[in-house]
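The values are calculated or read from the model by the stated rules, or taken from the named source; none is laboratory data. Quick caveat: nothing in here was measured; it's all calculated off a predicted structure. Here Cβ is always computed from backbone atoms with ideal geometry, including for glycine, and neighbour counts include all displayed protein chains. Please note that ligands, DNA and RNA were not included when accessible areas were found on the heavy atoms of the full protein model with its side chains. Shrake-Rupley method; radii C 1.70, N 1.55, O 1.52, S 1.80 Å.
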Amino acid sequence: MHFVIEAFPDLWDLIQDWVHTTDEAQFDAWWEQMRTSTKYPDTVIKYLARDWVPCRDMWSAIFRKNHTIFEEGDTNMLLES
C-alpha cells in the first residue's frame, strides 16, 4: 500500500530480511540503513517509523524467539481448530 514492490525490490528484500532476523545488531543496522538512505521512498520510512518500529516486539523475530505456539498466536485460532 505504501510502495510498489516491483519499483523497489531492494527495499522489499531488505524489509523481509529485517522482519526475520534474530540478530538485534543487524536489525538496528538495517533500520539505520533504511532510515538514512535516499534511495527509498520517504513515505515508506515515515510509515515504518510511525506504525511498525514502536511495536517491533509484536512482529520482529528478535523479540519472538523461543516462543511456544501459544505465545506466537495472538488470535483464537487455536481454540477454533
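Brief remarks on what is shown
- Which numbered condition F27 misses (of (1) open to solvent by 80 Å² or more (accessible area, probe 1.4 Å); (2) assigned to a helix (DSSP H, G or I)): (1)
- Residues considered: T43, T38. Of these, the only one that is among the hydroxyl-bearing types (S, T, Y) and either surrounded by 10 or more Cβ atoms within 10 Å (Cβ to Cβ) or in a helix (DSSP H, G or I) (or both) is T43.
- Flag for I15 being among the aliphatic types (A, V, I, L, M) and under 12 Å from the mean Cα position of the chain (by Cα): yes
- Options T22, T36; residue that is modelled with pLDDT of 95 or more and β-branched (V, I, T): T36
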